[in-house]
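Working notes for the structure below.
The values are calculated or read from the model by the stated rules, or taken from the named source; none is laboratory data. Everything numeric here is computed off the predicted structure, so don't read it as measured data. Here the Cβ is made from the backbone with ideal geometry for all residues, glycine too, and neighbour counts use every protein chain on show.
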Amino acid sequence: MTTPPPMSLLAELTHRCPLQCPYCSNPLRLDPRTSELDTATWRRVMDEAAAMGVLQVHFSGGEPMARPDLPDLVRHAQSVGLYSNLITSGVLLNPTSLAALADAGLDHIQLSFQDALPDPADRVANMAGAHAKKLEAARLIVAEGMPLTLNFVIHRQNAERVPAMLLLAEQLGARRVEIAHTQYYGWGLLNRDALLPDRDQLALTEQAVTEARTRLAGRMTIDFVTPDYYAEEPKPCMGGWGQRFLNISPTGRVLPCHAAESIPNVEFPSVADASLTDIWENAPLFTMFRGTDWMPEPCRSCPAQTLDWGGCRCQALALAGKADAADPVCHKAPDHGLVERAITTRPATPPAFRYRRYGNA
Ligand code: FES
């Protein structure tokens, strides 16, 4: 292999999910159940991933626990030496399903929360009782002795409760918590006016994280993801296009990131047609933005080009209309005014959510 292998595989087992979060990272067009990969194909994919040097598999969705074969897949990941992480809403988790996953060798669970309080949490998920199920799931996971990370997605309608979220994570016994501001592509972009915080709210969340890091040093790790729109520099999305991550959609499309299906005029490779190694090294979708040769100015002459790798291609497409444009969140980008306009034209009152549902986008 000439290109270093990816470190992680994100296995999106299904787009089905009981929740309807308006910032869901799934594409606007969701894959139907009938076209999902079967168990044998996912096993083969993991064989190929382990053989090419992938270290971790993240089982994701939608809600991956909607797949009854999840324990089989976890067991297979373990058998081929892949570290396994389950990214779940927790609403389908119970003592029996958790025991099956632990028995299969699951290494870690990342549990999503919508808020620290039940009513606003259930409103974002658009599912009554979801928050209570998540609390119970967290207690079961910790009692099982499974390492637990909590993930809170932050936006203008919950930013003030970041201190309460950090307290909840501490009380539940999480080893790690992610305070992650919403990313604005896909469903998040569709709901941007309902979600984008202002600068004061962002500052409050940063302050809460700084204080908690001091208070909880050595006991709980806190990751903070800033909202792109307020960053001076773009983030190195996915650690660089086609450099560290492989994403496989429920139907078997192999992608450099979860939003790459929005890229126009390129063929999406499939696990049905080629090996993962061949796709990783040769598929045009993976080579088109790998490295620095594709970069326009000002990225081409920017000293940070191998630190941020030009930012996020999907964001450039969503905002500037071209996937090979400089990421508009960069203050040097010609299209940076689009980001500033989104901030200054944000309505004072958030509009109603457009919930993630099959067919409503
Ligand atoms: Fe696709 Fe950032 S989400 S490159």
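Remarks
- Check on ILE179, touching a Gly at 6+ places or on another chain (Cβ under 9 Å), of a type in the set (A, V, I, L, M) and touching a residue at least 24 places away in the same chain (Cβ under 8 Å): no
- Residues located in segment 124-160, provided they are surrounded by fewer than 23 Cβ atoms within 10 Å (Cβ to Cβ), closer than 25 Å to TYR230 by Cβ and more than 17 Å from the chain's Cα centre (by Cα): ARG156, GLN157, ALA159, GLU160
- Residues of segment 217-271 that are small (Gly, Ala, Ser) and either in contact with a helix residue (DSSP H, G or I) (Cβ under 9 Å, 6 or more places away or on another chain) or closer than 26 Å to ARG16 by Cβ (or both): GLY240, GLY242, SER249, GLY252, ALA259, ALA260, SER262, SER270.
- Every residue from segment 1-42 that is part of a loop (DSSP other than H, G, I, E, B) and among the β-branched types (Val, Ile, Thr): THR2, THR3, THR14
- Matching residues, segment 298-325, being part of a loop (DSSP other than H, G, I, E, B), without any contact (Cβ under 8 Å) to a residue 40 or more places away in the chain and away from the ligand (no atom under 12 Å from the Cβ): PRO298, CYS302, PRO303, GLY321, LYS322, ALA325
- Residue count, segment 193-230 (criterion: assigned to a loop (DSSP other than H, G, I, E, B), in contact with a Pro (Cβ under 9 Å, 6 or more places away or on another chain) and at pLDDT 95 or above): 2
- All positions within segment 176-192 that are surrounded by fewer than 24 Cβ atoms within 10 Å (Cβ to Cβ), modelled with pLDDT of 95 or more and either polar (S, T, N, Q) or not in a helix (DSSP H, G or I) (or both): ARG176, GLU178, ALA180
- Residues in segment 231-267 that are within 8 Å of the ligand (Cβ to nearest atom), out of contact with any Pro (no Cβ under 9 Å at 6 or more places or on another chain) and within 22 Å of THR39 (Cα to Cα): 0 in all.
- Considering (1) in a loop (DSSP other than H, G, I, E, B); (2) touching a Ser or Thr at 6+ places or on another chain (Cβ under 6 Å); (3) within 16 Å of the ligand (Cβ to nearest atom), the lone condition that VAL153 does not fulfil carries the number (1).
- Residue under evaluation GLY81, criteria (1) surrounded by fewer than 16 Cβ atoms within 10 Å (Cβ to Cβ); (2) under 19 Å from LEU148 (Cβ atoms); (3) touching a helix residue (DSSP H, G or I) at 6+ places or on another chain (Cβ under 6 Å), criterion not met: (2)
- Scanning segment 181-216 for residues that are within 16 Å of the ligand (Cβ to nearest atom) and of a type in the set (A, V, I, L, M, F, W, C) yields TRP187, LEU189, LEU190.
- Among the residues of segment 92-115, the one identified as touching a strand residue (DSSP E or B) at 6+ places or on another chain (Cβ under 8 Å), assigned to a loop (DSSP other than H, G, I, E, B) and either among the aliphatic types (A, V, I, L, M) or without any contact (Cβ under 8 Å) to a residue 24 or more places away in the chain (or both) is LEU106.
- Within segment 272-292, restricting attention to residues that are in a loop (DSSP other than H, G, I, E, B) and within 21 Å of the chain's Cα centre (by Cα), the residue that is nearest to the ligand (Cβ to nearest atom) is PHE289.
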